[in-house]
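Novice: A single structure is presented below for examination.
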Amino acid sequence: PERAEEVYSAIIAVDPTDDVAGVALEDLRRELGKHEELIEMLLDRSEKSESHAERARALHQTGQLYLREIDDHEQGVYALAQALAQDVMNDEFALDLERAAGTDMKLWAEALQLLGEVTTHPRMPDEPKVVLYLRLEHWYSEKVARPDLGIPCFQSVLAIDPANDAALAGVGAIYRRAQQWAE
């Protein structure tokens, strides 16, 4: 297996676009338990990728590797949050992030901060921005138990789409729960 790893690495060095050799090298490193090398490989793929979807997949795989093989939840959640930041419409990435962060407030704080920064990107289209704001609000309310922090998310959605039913209902529910009748 070590010799095969050398051969696959040499093939990739000559032809970085050889997907067959890349997948074989990933599988081989996973089998050999060389998780650090596999993570480096995935991060390198993420950095060199021109496609947001491909970059997101590589980061998602990195997060899963941290969680399942290395048992490093902090790095795993961070990688999953980065994957979702690259592809905010991906429900699978959002669900995996939610599962991985669980009830750990420190992990949620880091993930929410990273994803909050993504919403400020000037070229982000409105539809993904709305989806991300609604996800963030849900996590503020349900995972962090701070629905008041979700109000700016709803307000941002309403600035983009004043007739958004989910945002209107959410703001109303938060204000009712807090008995803020004037608002």
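Novice: Can you work out the accessible area per residue across the chain, with the rest of the protein chains kept in place, probe 1.4 Å, in square angstrom?
Specialist: Working: 10480 Å² over 183 residues.
Ligands and nucleic acids excluded, the figure is 57 Å² per residue.
Novice: Oh, and also: If Lys and Arg each add +1 and Asp and Glu each add -1, what is the summed charge of the other residues whose beta carbon sits under 12 Å from the beta carbon of A100?
Specialist: On the way: positive: R68, R99, K143; negative: D71, D72, E74, D96, E98, D104, E110.
Value of the local net charge: -4.
Novice: Ignoring ligands, DNA and RNA, please state the percent of accessible area on segment 59-98 from carbon and sulfur, probe 1.4 Å.
Specialist: Details: 630 of 1710 Å².
Reported share for carbon and sulfur atoms: 37 percent.
Novice: Give me D for segment 24-73 in µm² s⁻¹, whole number, from Stokes-Einstein with Rh from the Kirkwood sum over alpha-carbon pairs, 20 °C and 1.002 mPa s.
Specialist: Working: Rh = 10.9 Å.
D, rounded to a whole number, is 196 µm²/s.
Novice: Let me ask something else. Net charge around A167, counting only other residues with Cβ within less than 9 Å of its Cβ (Lys, Arg = +1; Asp, Glu = -1)?
Specialist: -3
Novice: Using 1/(1 + (r/R0)^6) with R0 = 35 angstrom and r between the beta carbons of E36 and M89, what's the FRET efficiency to the nearest 0.05?
Specialist: Working: r = 31 Å, r/R0 = 0.88.
It comes to 0.70.
Novice: What distance in nm lies between label points placed 7 Å from Cα along the C-beta direction at A13 and L149?
Specialist: If labels sit at A13 and L149, their model points lie 4.7 nm apart.
Novice: Under the rule of -39500 (n - 2.57) per DSSP H run of 4 or more residues, summed and divided by the residues of the chain, what mean residue ellipticity at 222 nm is obtained, to the nearest 500 deg cm²/dmol?
Specialist: Counting only the DSSP helices, I get -24000 deg cm²/dmol.
Novice: Give the distance, in whole Å, between the Cα centre of segment 40-105 and the Cα centre of segment 152-183.
Specialist: That distance is 30 Å.
Novice: Nearest 0.05, what FRET efficiency do M105 and I70 give at R0 = 25 Å with Cβ-Cβ as r?
Specialist: FRET efficiency, M105 to I70: 0.70.
Novice: If the cut-off is 27 Å between C-alpha atoms, which lysines fall inside it for K143, apart from same-chain ones fewer than 8 positions away?
Specialist: Output for K143: K106, K129.
Novice: Mind pulling the angle between the C-alpha long axis of helix 2-14 and the longest principal axis of the chain? Nearest 10 degrees, somewhere in 0 to 90.
Specialist: Long axis of 2-14 versus the principal axis of the chain: about 70 degrees.
Novice: While we're on this one: If you line up the Cα atoms of the chain on their principal axes, what length do they span on each, largest first, in Å?
Specialist: In descending order, the Cα extents are 71, 31, 19 Å.
Novice: Using the Karplus curve 6.51 cos²θ - 1.76 cosθ + 1.60 with θ = phi - 60°, work out ³J(HN,Hα) for each residue of segment 110-123 in order, rounded to whole Hz, and write x for Gly and Pro.
Specialist: Coupling constants for segment 110-123: 5, 5, 5, 5, 4, 5, x, 5, 5, 5, 8, 5, x, 9 Hz.
Novice: Next up: Given 25 °C and 0.890 mPa s, compute D for segment 64-170 with the Stokes-Einstein relation, Rh being the Kirkwood radius over Cα pairs; round to the nearest whole µm²/s.
Specialist: For these conditions, the coefficient is 175 µm²/s.
Novice: Can you pull the accessible area of D148 for me, 1.4 Å probe, Å² to the nearest 10?
Specialist: 80
Novice: Expressed as a whole number of Å, what is the distance separating the alpha-carbon centroids of segment 1-34 and segment 115-139?
Specialist: Cα centroid of segment 115-139 versus Cα centroid of segment 1-34: 37 Å apart.
Novice: Rank R135, R123, R68 by accessible area, highest first, at a 1.4 Å probe radius?
Specialist: Final ranking, largest accessible area leading: R123, R68, R135.
The values are calculated or read from the model by the stated rules, or taken from the named source; none is laboratory data. No experiment lies behind these values; they were computed from the predicted model shown. Don't worry about glycine lacking a Cβ; one is built from the backbone with ideal geometry, like all the others, and counts go over all protein chains shown. Surface areas here come from the heavy atoms of the whole protein model, side chains and all, with no ligands, DNA or RNA. Shrake-Rupley method; radii C 1.70, N 1.55, O 1.52, S 1.80 Å.
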